[in-house]
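Chemist: Provided herewith is a single structure, encoded as structure tokens, for subsequent inquiry.
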Amino acid sequence: MTTKAKTLLLFGATGDLSRRMLLPSLAALHAEKLVSEDLRIVGTARSEMTDAGFRNFAREALEKFLPAERRGGMADFLNRLHYQQLDVTDPKAFAKLAKKVGDPQGLAIFLSTAPQLFKATIEGLAGAGLAEEGTRISLEKPLGTDLASSAAINDAVAAAFTEDRIFRIDHYLGKETVQNLLALRFANLMFEPLWRSQYIDHVQITVAETVGLESRVDFYDGAGALRDMVQNHMLQLLALVAMEPPGKFDANSVRDEKVKVLRALRPISADEVVTGQYRGGASTGQIVPGYDEELGRDSDTETFVALKAHVDNWRWRGVPFYLRTGKRLTRRVTEIVVQFKAVPHSIFPGARMMPNQLVIGIQPEENISFTLMAKVPGIDQDGMVLRPVPLNIAMPDAFSGKVKRVAYERLLLDLIEGDQTLFVRRDEVEAQWQWIDGIRATWAREGVLPKTYNAGSWGPSAAIALAERDGVSWHE
């Protein structure tokens, strides 16, 4: 599908995601003239609000969350906005929404509602003629809590929309450095021949947060770190690292290769995973409560997961992928570390050789660093002195003049233009859930409970042992 959308319909338009991400992203795209002048944006939610009220809501959001230098033409952008109140549980209410939207041809829908409302919403859209052939829909996570519930959601959406019109969002795929991983691998001859088990010792993927529950109390306690972060963001990063070169850069070719990786993941055993739950401590210079204190009750929900995964195929035979994620950790960082093997023989007596290491930083800073061995300047009488030297590519420095975008700008633009490359296909989602369900079944069978760790640390000490028993240290 390549036809550009003429109308963008935002469900959950008065929610936090819309206020912080969606409206600022759309305003930024407008300011840079990346969307057509005749694109209409219709917001809908349960709140009673007029067009003028929604525009005032949007203005306040832009003033708070969009940098002043990116607010060009804000008055014209606000004039794009329209609003229709909607209770999605009332099928008759969709007729008013359809009237507000107008011609459904060229309609793109961004659905950000509670998962239990997906089925009613899809049925309401279809009943009102807002799911016709020219319409596409984007789904915001969570898409289920296990394989069965995910399949039920996908079935409900598939009843009205064909797969080529369904855009499942994982906002990590919209981040510049994540996309740059594809360019790094497939646009540079030096990396791809080495991107295999003969030369790579292991891979680490870390998604660390310093925050606690914040406003996500009810959702998070029902999900936990494994389902909130590993099932989607981290497995997508793993798939991009491990995938085979696609035949071309288009939606189906890229996603075909990712799903092969996800299906090749070896089932995890109990000794290959560590779970944890934070207790009170010092985080970012402040004393913070423990998870159970924030929640107000005891809970077995994990706020930390570390695991060792294997991709059982020829390219990655014997290469462990270490994944860890957690809340209230030492610092906020998302990064991928590719650790190469040591040179097979050193010709430099006494020199301490360090293997090459590639670090792809995703947040808070987007950068790529490649560490190699180099001679220390000077005259060496007792042999050449070597030390590791990083080659850094800081994105703002490498591309001066380019603005730093939020991931939703890229994804919203792709939704409007009909490009599915950075969206997740149904078979990917279900392969991810199948692997995650296997881990949770192992926890249930083995009676695994989270180990405690202090807020402001790197998680339970068992997570350190998980890597160190293989002679590996976490990159910190």
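The values are calculated or read from the model by the stated rules, or taken from the named source; none is laboratory data. Keep in mind the model is a prediction, meaning the values are calculated, not measured. Using ideal geometry, Cβ is built from the backbone for each residue, glycine included, and neighbour counts are taken over all protein chains shown. For the accessible areas, the whole protein counts, side chains as well, though only heavy atoms, and no ligand, DNA or RNA atoms are used. Shrake-Rupley method; radii C 1.70, N 1.55, O 1.52, S 1.80 Å.
Chemist: Quick one: Debye curve from the C-alpha atoms of the range 7-140, no solvent, what's log10 I(q)/I(0) at q = 0.10, 0.13, 0.17 Å⁻¹?
Modeler: Relative scattering, expressed as log10 I(q)/I(0), comes to -0.30, -0.51, -0.87.
Chemist: Considering only protein heavy atoms, what per residue accessible area in square angstrom results for the chain with a 1.4 angstrom probe? Don't skip to the end; give the middle numbers.
Modeler: Numbers: 21470 Å² over 476 residues.
That works out to 45 Å² per residue.
Chemist: While we're on this one: Would you tally the net charge around residue 332, using a Cβ to Cβ cut-off of less than 12 Å, leaving residue 332 out, and scoring K and R as +1, D and E as -1?
Modeler: Working: positive: 327, 328, 331; negative: 209, 335, 365.
Residues close to residue 332 contribute a combined charge of 0.
Chemist: Specify which labelled value, from (i) 67, 43, 35; (ii) 66, 48, 46; (iii) 82, 51, 46, agrees with Cα extents along the principal axes in Å derived from the coordinates of the model shown.
Modeler: Recomputing Cα extents along the principal axes in Å here gives the entry labelled (iii).
Chemist: Would you work out which of 5, 463, 210 lies farthest towards the positive end of the dipole of the chain? Charges go on Cβ: Lys and Arg +1, Asp and Glu -1.
Modeler: So the residue furthest toward the plus end is 5.
Chemist: Additional query: Below 8 Å between Cα atoms, with a sequence gap of 6+, how large is the relative contact order for the range 260-342 in percent? It would help to have the intermediate numbers written out before the result.
Modeler: Working: 100 pairs, mean separation 24.3, N = 83.
Across the range 260-342, relative contact order equals 29 percent.
Chemist: I've got another one for you. Please arrange 74, 229, 190 by accessible surface area, largest first, computed with a 1.4 Å probe and ligands excluded. Write down the numbers at each step before the final one.
Modeler: Values: 74 45, 229 15, 190 115 Å².
Putting 74, 229, 190 in descending order of accessible area: 190, 74, 229.
Chemist: What does the charge add up to near residue 155, with Lys and Arg as +1, Asp and Glu as -1, over the other residues with Cβ less than 13 Å from its Cβ?
Modeler: Details: positive: 119, 426; negative: 123, 163, 430.
Residues close to residue 155 contribute a combined charge of -1.
Chemist: For the range 410-476, would you read off the P(r) tail past 15 Å as a percentage of all alpha carbon pairs? Don't jump to the answer; show the numbers that get you there.
Modeler: Details: 1625 of 2211 pairs.
When every Cα pair of the range 410-476 is considered, 73 percent fall beyond 15 Å.
Chemist: Something else about it: Report relative contact order for the chain in percent, whole number only (criteria: Cα-Cα under 8 Å, sequence separation at least 6).
Modeler: On the way: 877 pairs, mean separation 87.4, N = 476.
In percent, rounded to a whole number, it is 18.
Chemist: Please find the FRET efficiency linking residue 315 to residue 149, where r is the Cβ-Cβ separation and R0 is fixed at 41 Å, and quote it to the nearest 0.05. Write out the running numbers ahead of the final one.
Modeler: Working: r = 33 Å, r/R0 = 0.80.
Once rounded, the FRET efficiency stands at 0.80.
Chemist: Taking the Cα centroid of the range 114-149 and of the range 292-313, what is the distance between the two, rounded to the nearest whole Å?
Modeler: 29 Å
Chemist: Could you let me know the centre-to-centre spacing of the range 6-60 and the range 357-382, using Cα atoms, in angstrom?
Modeler: 44 Å
Chemist: Please report the net charge: other residues with Cβ closer than 11 Å to the Cβ of residue 410, K and R +1, D and E -1.
Modeler: Neighbour charge sum, excluding residue 410 itself: -3.
Chemist: For the chain, what is the percent of antiparallel DSSP beta bridges, rounded to the nearest 5? Could the numbers behind the result be given before it?
Modeler: Working: 44 of 76 bridges.
The antiparallel fraction comes to roughly 60 percent.
Chemist: In this model, which of 4/327; 64/175; 4/92 are farther than 31 Å apart at the alpha-carbon? Mind showing how you got there, number by number?
Modeler: On the way: 4/327 39 Å; 64/175 22 Å; 4/92 29 Å.
The answer is 4/327.
Chemist: Keeping all protein chains in position, work out how much accessible area residue 110 exposes to a 1.4 Å probe, and write it in Å² to the nearest 10.
Modeler: Approximately 0 Å² for this residue.
Chemist: Same structure, new question: Tell me the accessible surface of residue 292 in square angstrom (1.4 angstrom probe, heavy atoms of protein chains only), to the nearest ten.
Modeler: Surface accessible to solvent at residue 292 totals approximately 40 Å².
Chemist: Helix-only mean residue ellipticity at 222 nm, the chain, DSSP H runs n ≥ 4 weighted -39,500 (n - 2.57), per residue, nearest 500. What is it?
Modeler: -9500 deg cm²/dmol
Chemist: For 321, 65, give the ranking by accessible area with the largest first, probe 1.4 Å. Mind dumping the intermediate values first?
Modeler: Values: 321 0, 65 70 Å².
Putting 321, 65 in descending order of accessible area: 65, 321.
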